[in-house]
Amino acid sequence: MIDLKDKKRIVVKVGTSTLTHGTGRLNIRRVEALVKTLADLQNSGKEIILVSSGSVGLGMAKLGLVERPEDTPTKQACAAVGQCELMYMYDKQFSEYSITVAQVLLTKYILLEDRRVNVEKAIKRLLAQGVIPIVNENDTVAIDELELKVGENDSLAAMVAVIAQADLLVMMSDIEGFYDRDPHQFEDARLIPIVEKIDKSVKKSAGGAGTAFGTGGMRTKIHAAELAGEQGIDTVIMSGNDPAKLYDLLDNKPIGTIFVASKRLDGKEA
(Lines give C-alpha, C1' and ligand atoms only; values in the text may rest on other atoms or scores of the structure.)
Protein backbone atom coordinates (compact mmCIF):
# COMPACT_ATOMS: atom_id res chain seq x y z
CA MET A 1 0.00 0.00 0.00
CA ILE A 2 1.25 3.48 -0.86
CA ASP A 3 1.76 5.74 2.17
CA LEU A 4 0.46 9.21 1.31
CA LYS A 5 0.92 10.83 4.72
CA ASP A 6 4.45 12.02 4.04
CA LYS A 7 3.79 13.41 0.58
CA LYS A 8 4.85 17.04 0.79
CA ARG A 9 4.83 18.62 -2.67
CA ILE A 10 1.41 17.96 -4.17
CA VAL A 11 -0.02 18.96 -7.53
CA VAL A 12 -3.83 19.19 -7.43
CA LYS A 13 -5.65 19.35 -10.75
CA VAL A 14 -9.29 20.45 -10.82
CA GLY A 15 -11.49 20.27 -13.88
CA THR A 16 -14.30 22.45 -15.08
CA SER A 17 -16.89 20.00 -13.75
CA THR A 18 -15.49 20.50 -10.25
CA LEU A 19 -15.48 24.30 -10.42
CA THR A 20 -18.84 24.92 -12.08
CA HIS A 21 -22.46 23.88 -12.04
CA GLY A 22 -24.04 22.22 -15.05
CA THR A 23 -25.08 25.71 -16.15
CA GLY A 24 -21.44 26.71 -16.49
CA ARG A 25 -21.76 29.15 -13.61
CA LEU A 26 -19.29 29.02 -10.75
CA ASN A 27 -20.01 26.47 -8.03
CA ILE A 28 -19.27 28.87 -5.19
CA ARG A 29 -19.69 26.42 -2.31
CA ARG A 30 -17.33 23.88 -3.88
CA VAL A 31 -14.71 26.45 -4.80
CA GLU A 32 -14.76 27.81 -1.24
CA ALA A 33 -14.30 24.27 0.12
CA LEU A 34 -11.43 23.63 -2.29
CA VAL A 35 -9.62 26.84 -1.39
CA LYS A 36 -10.12 26.32 2.35
CA THR A 37 -8.75 22.77 2.15
CA LEU A 38 -5.72 23.70 0.06
CA ALA A 39 -4.95 26.69 2.28
CA ASP A 40 -5.09 24.50 5.38
CA LEU A 41 -2.85 21.87 3.78
CA GLN A 42 -0.41 24.63 2.89
CA ASN A 43 -0.49 25.84 6.50
CA SER A 44 0.25 22.29 7.69
CA GLY A 45 3.52 22.27 5.77
CA LYS A 46 2.48 20.89 2.40
CA GLU A 47 3.59 22.59 -0.81
CA ILE A 48 0.60 22.98 -3.10
CA ILE A 49 0.49 23.57 -6.84
CA LEU A 50 -2.98 23.99 -8.30
CA VAL A 51 -3.59 23.17 -11.96
CA SER A 52 -6.98 24.63 -12.74
CA SER A 53 -9.22 24.25 -15.73
CA GLY A 54 -12.27 26.43 -16.08
CA SER A 55 -11.21 29.53 -18.01
CA VAL A 56 -13.14 28.67 -21.17
CA GLY A 57 -16.18 27.48 -19.21
CA LEU A 58 -16.28 30.59 -17.03
CA GLY A 59 -15.76 32.78 -20.08
CA MET A 60 -18.68 31.08 -21.80
CA ALA A 61 -20.91 31.83 -18.84
CA LYS A 62 -19.68 35.43 -18.64
CA LEU A 63 -20.42 35.92 -22.35
CA GLY A 64 -23.81 34.21 -22.13
CA LEU A 65 -22.90 31.18 -24.24
CA VAL A 66 -24.66 27.90 -23.42
CA GLU A 67 -22.68 25.63 -25.74
CA ARG A 68 -18.95 25.34 -26.24
CA PRO A 69 -18.06 27.36 -29.34
CA GLU A 70 -16.76 25.58 -32.41
CA ASP A 71 -14.55 28.31 -33.86
CA THR A 72 -11.13 29.01 -32.42
CA PRO A 73 -11.42 32.84 -32.10
CA THR A 74 -14.53 32.51 -29.91
CA LYS A 75 -12.81 29.87 -27.80
CA GLN A 76 -9.87 32.23 -27.39
CA ALA A 77 -12.21 35.05 -26.39
CA CYS A 78 -13.88 32.82 -23.81
CA ALA A 79 -10.48 31.82 -22.43
CA ALA A 80 -9.32 35.43 -22.19
CA VAL A 81 -12.47 36.55 -20.36
CA GLY A 82 -12.63 33.45 -18.19
CA GLN A 83 -8.99 33.63 -17.12
CA CYS A 84 -9.67 37.00 -15.50
CA GLU A 85 -12.66 35.54 -13.68
CA LEU A 86 -10.69 32.48 -12.58
CA MET A 87 -7.74 34.34 -11.11
CA TYR A 88 -9.88 37.02 -9.49
CA MET A 89 -11.84 34.26 -7.78
CA TYR A 90 -8.75 32.41 -6.55
CA ASP A 91 -6.94 35.55 -5.42
CA LYS A 92 -9.95 36.73 -3.45
CA GLN A 93 -10.65 33.34 -1.88
CA PHE A 94 -7.06 32.48 -0.90
CA SER A 95 -6.41 35.98 0.47
CA GLU A 96 -9.03 35.30 3.12
CA TYR A 97 -6.58 32.74 4.54
CA SER A 98 -3.54 35.00 4.04
CA ILE A 99 -2.29 32.82 1.18
CA THR A 100 -0.65 34.47 -1.82
CA VAL A 101 -1.26 32.94 -5.24
CA ALA A 102 0.51 33.37 -8.57
CA GLN A 103 -0.76 32.84 -12.09
CA VAL A 104 1.34 30.59 -14.33
CA LEU A 105 0.09 30.26 -17.91
CA LEU A 106 1.81 27.62 -20.01
CA THR A 107 1.76 26.11 -23.49
CA LYS A 108 3.23 22.84 -24.65
CA TYR A 109 6.00 24.74 -26.46
CA ILE A 110 7.17 26.35 -23.25
CA LEU A 111 7.38 22.90 -21.68
CA LEU A 112 9.83 21.54 -24.25
CA GLU A 113 12.94 20.23 -22.51
CA ASP A 114 15.20 23.04 -23.67
CA ARG A 115 12.77 25.73 -22.49
CA ARG A 116 11.11 24.45 -19.36
CA VAL A 117 14.06 25.11 -17.05
CA ASN A 118 12.77 28.65 -16.48
CA VAL A 119 9.34 27.29 -15.58
CA GLU A 120 10.97 24.90 -13.13
CA LYS A 121 12.94 27.69 -11.47
CA ALA A 122 9.92 29.98 -11.24
CA ILE A 123 7.66 27.35 -9.67
CA LYS A 124 10.29 26.28 -7.16
CA ARG A 125 10.95 29.89 -6.15
CA LEU A 126 7.22 30.53 -5.70
CA LEU A 127 6.93 27.46 -3.48
CA ALA A 128 9.94 28.59 -1.47
CA GLN A 129 8.16 31.91 -0.88
CA GLY A 130 5.04 30.15 0.40
CA VAL A 131 3.04 31.00 -2.73
CA ILE A 132 0.54 28.64 -4.36
CA PRO A 133 1.15 28.63 -8.12
CA ILE A 134 -2.08 28.37 -10.09
CA VAL A 135 -1.32 26.83 -13.46
CA ASN A 136 -3.48 26.75 -16.55
CA GLU A 137 -3.05 26.20 -20.26
CA ASN A 138 -2.69 29.54 -22.01
CA ASP A 139 -5.77 28.91 -24.10
CA THR A 140 -5.87 32.46 -25.45
CA VAL A 141 -2.82 31.74 -27.59
CA ALA A 142 -2.47 27.94 -27.47
CA ILE A 143 -4.53 27.27 -30.61
CA ASP A 144 -3.49 23.62 -30.99
CA GLU A 145 -4.78 22.75 -27.53
CA LEU A 146 -8.10 24.54 -28.06
CA GLU A 147 -8.76 22.63 -31.28
CA LEU A 148 -8.27 19.22 -29.70
CA LYS A 149 -11.33 17.09 -28.98
CA VAL A 150 -10.05 16.23 -25.51
CA GLY A 151 -8.42 18.62 -23.12
CA GLU A 152 -4.75 18.81 -22.27
CA ASN A 153 -4.92 20.05 -18.68
CA ASP A 154 -4.60 16.49 -17.36
CA SER A 155 -1.36 16.02 -19.28
CA LEU A 156 -0.35 19.54 -18.30
CA ALA A 157 -0.82 18.62 -14.64
CA ALA A 158 1.45 15.59 -15.08
CA MET A 159 4.09 17.68 -16.82
CA VAL A 160 3.95 20.29 -14.05
CA ALA A 161 4.28 17.52 -11.45
CA VAL A 162 7.38 16.24 -13.22
CA ILE A 163 8.93 19.70 -13.63
CA ALA A 164 8.24 20.58 -9.99
CA GLN A 165 9.51 17.17 -8.81
CA ALA A 166 6.27 16.66 -6.94
CA ASP A 167 5.62 13.79 -4.56
CA LEU A 168 2.01 13.30 -5.60
CA LEU A 169 -0.41 14.21 -8.38
CA VAL A 170 -4.09 14.42 -7.46
CA MET A 171 -6.65 14.78 -10.23
CA MET A 172 -10.16 15.70 -9.18
CA SER A 173 -12.86 14.41 -11.51
CA ASP A 174 -16.66 14.18 -11.68
CA ILE A 175 -16.56 10.52 -10.59
CA GLU A 176 -15.12 8.75 -7.54
CA GLY A 177 -12.11 7.27 -9.29
CA PHE A 178 -11.18 4.77 -11.99
CA TYR A 179 -13.75 2.08 -12.73
CA ASP A 180 -13.58 -1.11 -14.72
CA ARG A 181 -16.25 0.44 -16.96
CA ASP A 182 -18.03 3.77 -17.35
CA PRO A 183 -20.16 4.27 -14.18
CA HIS A 184 -22.33 6.76 -16.05
CA GLN A 185 -23.50 3.96 -18.32
CA PHE A 186 -23.21 0.80 -16.22
CA GLU A 187 -24.73 0.50 -12.75
CA ASP A 188 -22.52 -2.48 -11.90
CA ALA A 189 -19.29 -0.60 -12.67
CA ARG A 190 -16.68 -1.41 -10.02
CA LEU A 191 -14.30 1.14 -8.50
CA ILE A 192 -10.69 0.00 -8.64
CA PRO A 193 -8.91 1.33 -5.52
CA ILE A 194 -5.34 0.77 -6.71
CA VAL A 195 -3.73 0.27 -10.10
CA GLU A 196 -0.27 -1.26 -9.94
CA LYS A 197 0.37 -1.05 -13.68
CA ILE A 198 -1.24 0.87 -16.53
CA ASP A 199 -1.61 -1.77 -19.23
CA LYS A 200 -3.85 -2.25 -22.27
CA SER A 201 -6.80 -3.40 -20.18
CA VAL A 202 -6.66 -0.25 -18.05
CA LYS A 203 -6.51 1.97 -21.11
CA LYS A 204 -9.39 0.07 -22.69
CA SER A 205 -11.57 0.68 -19.64
CA ALA A 206 -11.06 4.46 -19.89
CA GLY A 207 -13.97 6.34 -21.40
CA GLY A 208 -14.29 9.50 -23.51
CA ALA A 209 -14.88 13.17 -22.82
CA GLY A 210 -16.99 14.37 -19.91
CA THR A 211 -19.30 17.37 -19.61
CA ALA A 212 -20.44 20.00 -22.11
CA PHE A 213 -18.34 22.70 -20.41
CA GLY A 214 -15.22 20.60 -19.85
CA THR A 215 -13.07 18.85 -22.44
CA GLY A 216 -11.32 16.14 -20.46
CA GLY A 217 -12.08 12.48 -19.84
CA MET A 218 -10.70 9.39 -18.16
CA ARG A 219 -8.39 8.63 -21.06
CA THR A 220 -6.43 11.84 -20.55
CA LYS A 221 -6.23 11.16 -16.82
CA ILE A 222 -4.84 7.67 -17.41
CA HIS A 223 -2.29 9.16 -19.78
CA ALA A 224 -1.37 11.75 -17.15
CA ALA A 225 -0.95 9.05 -14.50
CA GLU A 226 1.29 7.18 -16.90
CA LEU A 227 3.45 10.25 -17.57
CA ALA A 228 3.80 10.99 -13.86
CA GLY A 229 4.40 7.35 -12.95
CA GLU A 230 7.27 7.05 -15.40
CA GLN A 231 9.01 9.78 -13.37
CA GLY A 232 8.36 8.24 -9.96
CA ILE A 233 5.24 10.22 -9.05
CA ASP A 234 2.18 8.45 -7.68
CA THR A 235 -1.18 9.66 -8.97
CA VAL A 236 -4.67 9.70 -7.46
CA ILE A 237 -7.95 10.17 -9.30
CA MET A 238 -10.74 11.17 -6.95
CA SER A 239 -14.05 12.98 -6.96
CA GLY A 240 -13.98 16.75 -6.72
CA ASN A 241 -17.47 16.92 -5.25
CA ASP A 242 -16.10 17.14 -1.71
CA PRO A 243 -12.60 18.72 -1.75
CA ALA A 244 -12.27 18.17 2.02
CA LYS A 245 -11.75 14.47 1.27
CA LEU A 246 -8.18 15.44 0.44
CA TYR A 247 -7.64 15.23 4.21
CA ASP A 248 -8.85 11.63 4.22
CA LEU A 249 -6.71 10.81 1.19
CA LEU A 250 -3.56 12.10 2.88
CA ASP A 251 -4.49 10.13 6.00
CA ASN A 252 -4.38 6.95 3.88
CA LYS A 253 -8.12 6.43 3.93
CA PRO A 254 -9.61 4.68 0.87
CA ILE A 255 -10.37 7.58 -1.45
CA GLY A 256 -10.52 7.27 -5.22
CA THR A 257 -7.94 5.31 -7.18
CA ILE A 258 -4.19 5.30 -6.59
CA PHE A 259 -1.94 4.71 -9.59
CA VAL A 260 1.37 3.41 -8.32
CA ALA A 261 4.39 4.96 -10.00
CA SER A 262 6.03 2.53 -12.40
CA LYS A 263 9.46 3.81 -11.35
CA ARG A 264 10.74 5.43 -8.21
CA LEU A 265 12.82 8.60 -8.28
CA ASP A 266 15.96 6.51 -7.79
CA GLY A 267 15.32 4.91 -11.19
CA LYS A 268 14.44 1.48 -9.80
CA GLU A 269 11.29 -0.36 -10.79
CA ALA A 270 8.44 -0.03 -8.31
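The C-beta contact set for segment 21-36 (first residue in contact (Cβ under 8 Å) with a residue 12 or more places away in the chain and closer than 9 Å to residue 61 by Cβ, second residue outside any helix (DSSP H, G or I) and not charged (D, E, K, R), distance under 7 angstrom, 6+ apart or interchain) comprises 24/213; 26/20.
Here residue 127 clears all of (1) in a loop (DSSP other than H, G, I, E, B); (2) touching a Pro at 6+ places or on another chain (Cβ under 9 Å) except the condition numbered (1). Scanning segment 60-89 for residues being out of contact with any Ser or Thr (no Cβ under 8 Å at 6 or more places or on another chain) and crowded, with 23+ Cβ neighbours inside 10 Å gives a total of 1.
For segment 51-59, the count of residues that are modelled with pLDDT of 90 or more, outside any helix (DSSP H, G or I) and surrounded by 17 or more Cβ atoms within 10 Å (Cβ to Cβ) is nonzero.
Hey, can you tell me all the residues within segment 47-64 that are of a type outside the set (S, T, N, Q) and touching a residue at least 40 places away in the same chain (Cβ under 8 Å)? Listed by number, the residues that qualify are 47, 48, 49, 50, 51, 54, 56, 57, 60, 61. Filtering 85, 67, 96 for residues that are farther than 14 Å from residue 24 by Cβ and not hydroxyl-bearing (Ser, Thr, Tyr) leaves a single hit, 96. Checking each residue in segment 191-204 for being in contact with a strand residue (DSSP E or B) (Cβ under 6 Å, 6 or more places away or on another chain) and charged (D, E, K, R) picks out no residue at all. Number of residues in segment 65-95 that are under 26 Å from residue 11 (Cα atoms), in contact (Cβ under 8 Å) with a residue 24 or more places away in the chain and either assigned to a strand (DSSP E or B) or among the charged types (D, E, K, R) (or both) equals 1. Note on segment 152-193: residues that are of a type in the set (A, V, I, L, M), under 14 Å from residue 53 (Cα atoms), touching an Asp or Glu at 6+ places or on another chain (Cβ under 9 Å) and not in a helix (DSSP H, G or I) total 1.
Listed conditions (1) part of a loop (DSSP other than H, G, I, E, B); (2) within 22 Å of residue 174 (Cβ to Cβ); (3) touching a residue at least 40 places away in the same chain (Cβ under 8 Å) are all met by residue 12, apart from (1).
From the list 105, 146, 86, 127, which residue is in contact with an Asp or Glu (Cβ under 7 Å, 6 or more places away or on another chain) and modelled with pLDDT of 85 or more?
It is 127.
The values are calculated or read from the model by the stated rules, or taken from the named source; none is laboratory data. Note that the structure is predicted; figures quoted are calculated from it, not measured. All Cβ positions, glycine included, derive from the backbone under ideal geometry; neighbour counts span all protein chains shown.
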